[in-house]
Amino acid sequence: MSTLPDPAQHRKVDHAIEPLIYRRWSPRALSGEAITDEEMLTLFEAARWAPSTYNEQEWHFLYARRDTPQWPAFFGLLMKDNQTWCQHAAMLVVILSHKVFSKNGKPNPVHLFDCGSAFENLALQGTAMGLVVHGMAGFDFERARRELQVPDDYDIAAMFAVGRPGDPEQLPEKLRQMEVPSDRRPVQQSIQEGRLSETLTLNPTTGGYENHHHHSGNSRGAAACKHQRAAHELCPSARGGERTLSDSKA
Ligand SMILES: Cc1cc2nc3c(=O)[nH]c(=O)nc-3n(C[C@H](O)[C@H](O)[C@H](O)COP(=O)(O)O)c2cc1C
């Protein structure tokens, strides 16, 4: 039986960070084995300690474990591609997010942000425990609301699957090819000192926006520029397809 690839062999960080962060990834090869009650509660405990606005703790997790009466309803929400690999998951979870402040019922503009923090805490804890935690947007949100009886003051944030790592050889060909830890764009393309005043170009390959620092003359800009040129060479349509960030909002 082959094992999952090791992210440390596939991911090169440009600045030294805690290995747990780049060791977390989203494999689909799951073994079908259960997780224990204690493992499950440990995952949710990690989510519990996430930061949130006014300590609102907006997250609420609905879960179903395999081979329980709850499982079919949760599994049935998933799109076909996700069902293919989630049939071997140990647990499916729907993350609900309380949209309004508990003290006054007013809209909370960062409720989903806080749920994202809780999910990442849980995913990192799972990684440390040798479990797979894999986020999912590929499910029927409306059906989830209906079938799981989610009230209006909660948003459905996302789902995720938890399981024990499996054998990639058991995956269908299409998914097996994707079973490699992914890379990220360079950090310089995600940050900007000061205001967002420069033209950004949408890179259709990465789906990200790239800064135009071509003539800025600073070394960080030059590094980003080198990468952009490479991206343009690979993807000529990026050259003609310039869009500003404000265009994209229109
Ligand atoms: C909110 C969210 C939704 C996602 N939806 C899906 C999904 O429906 N199906 C899937 O196979 N992967 C899904 N993913 C996994 C992402 O594709 C994955 O996190 C991303 O490509 C980065 O790779 P990594 O997590 O392995 O580092 C989702 C991830 C997140 C955080």
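The values are calculated or read from the model by the stated rules, or taken from the named source; none is laboratory data. Being a predicted model, the structure only gives us computed values, none of them experimental. FYI the Cβ positions are ideal-geometry reconstructions off the backbone, even for glycines, and counts take in every protein chain you see.
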ALA90 crowded, with 21+ Cβ neighbours inside 10 Å, small (Gly, Ala, Ser) and either within 23 Å of SER52 (Cβ to Cβ) or at pLDDT 95 or above (or both):
yes
Within region 7-49, tally of residues that are over 24 Å from ARG66 (Cα atoms) and either away from the ligand (no atom under 13 Å from the Cβ) or in a helix (DSSP H, G or I) (or both):
16
Hey, ALA230 out of contact with any strand residue (DSSP E or B) (no Cβ under 6 Å at 6 or more places or on another chain), of a type in the set (A, V, I, L, M, F, W, C) and either farther than 30 Å from PRO72 by Cβ or at pLDDT 95 or above (or both) or not:
yes
Of the candidates ASP81, ASP67, the one satisfying the condition of being among the acidic types (Asp, Glu) and more than 10 Å from the ligand (Cβ to nearest atom) is ASP67
State yes or no: is HIS88 under 18 Å from ALA34 (Cα atoms), within 12 Å of the ligand (Cβ to nearest atom) and either touching a residue at least 12 places away in the same chain (Cβ under 8 Å) or in the same structural domain as THR36 (by TED's automatic domain parsing) (or both)?
no
Tell me which of these VAL132 doesn't satisfy, since it passes every other one: (1) more than 12 Å from the ligand (Cβ to nearest atom); (2) touching a residue at least 60 places away in the same chain (Cβ under 8 Å).
(1)
Number of the condition not met by TYR209 [criteria: (1) at pLDDT 90 or above; (2) under 30 Å from GLU58 (Cβ atoms)]:
(1)
Going through region 144-189 in order, the residues found to be among the charged types (D, E, K, R) and within 15 Å of the ligand (Cβ to nearest atom) are ASP155, LYS174, ARG176, GLU179, ASP183, ARG184, ARG185
For region 100-111, does any single residue satisfy the condition of being within 13 Å of the ligand (Cβ to nearest atom) and either hydrophobic (A, V, I, L, M, F, W, C) or touching a residue at least 60 places away in the same chain (Cβ under 8 Å) (or both)?
no
Looking only at residues in region 58-69 that are part of a loop (DSSP other than H, G, I, E, B) and over 19 Å from the mean Cα position of the chain (by Cα), which one is farthest from GLN125 (Cα to Cα)?
PRO69
